[in-house]
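In what follows, a single structure is set out as structure tokens and then discussed.
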Amino acid sequence: MNRPIALLAAAPLAVITLTLAACGSSARDPNAAGRLPDGGAAATSDFVPSEAGPASADGGVCPNVDVLFVVDNSGSMADKQARLAQSFPGFAAALQKRLPAAKSVHVGVVSTSAYYAGAPQECLIRKTEGPASSASQCLPAGAFLTTGESDFASRFACVAKVGAGGDDDETPMKSLLGALSDKTNAPSGCNAGFSRRDALLIVVLITDEDDVRESDCDPTTFSGTCGSGGDPDAWAQTVIAHKGGHKENVLVLSLVSKKSGDCSNVIGANVSAFTHRFGQNGFVGDVCSATYDKFFEDALPLFDQACTTFVPPPK
């Protein structure tokens, strides 16, 4: 898609999902700051997992973990999704060491536009469909994965391959905020039980475009495509409010286009700005890198930070 400012997308789905899968049990609990230098330089081989990081400040146990992947499913994303899948094994092993005491992990995936298989944009994907997708009923029961269920890795690989036939007017922030809303996570909602009050929230965004700020929207310029609306501050404040006002209870990892012309004509300025609103818990890498190994390796200290600064909700 070629436009001055486009939408964000995320596809690191397979990587973090499997990584966290090895961290905890299948128990489903009813409850779910700073900035590191940018990462994401190309690496030539799988990274070696570093030693485990510190435990949490409240007794040595990391909290529950909810991982939400926002995957750009527009036509230019097939190769980026493949790179993500290739970087998964090393990241999964490293994350297993970083969060050995996580009690349970939920993993869900949304795309950046209303999904072809009939799922509303804010609903976690259970069935994939369309060009370059796995075209399967990946999750027969439930809208998200838990690490204790059988065939976790294969189910994740299935649902992570969302395909590349989505709308060119990607609205990743709309997908992200909708997936976390009280309405969709209510007992009657399409994402019931996914986002928990007592869980560390990890958001993974992968896109080769940008999201459009409301103030930049010009229907003439964008041919009627105006992105998610709002702006990076508003997006971040909505996510932080969802976590009880504690931005330290959120990690955001974003792979975006950092230089026009490398693999995209759109620099991910707004997605990067949103990510950096989380300070040390926000990390930006280059979606055009030949591999995402180094990006995920460099992001590992974020998990140490999260375990030591996580603020549990009131009992």
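Values in this text are rule-based calculations from the coordinates and carry no lab data. Not measured: the values here are computed from a predicted model.
Candidate cross-link partners of LYS243 among the lysines, defined by an alpha-carbon separation under 27 Å and a same-chain spacing of 8 or more, comprise LYS97, LYS103, LYS174, LYS183, LYS315.
Expressed as a fraction of 2.2 N^0.38 Å, the value expected for a compact globular protein of N residues, the C-alpha radius of gyration of the stretch 139-179 is 1.44. The lysines whose alpha-carbon is closer than 16 Å to the alpha-carbon of LYS294, local same-chain residues fewer than 8 away aside, are LYS80, LYS258.
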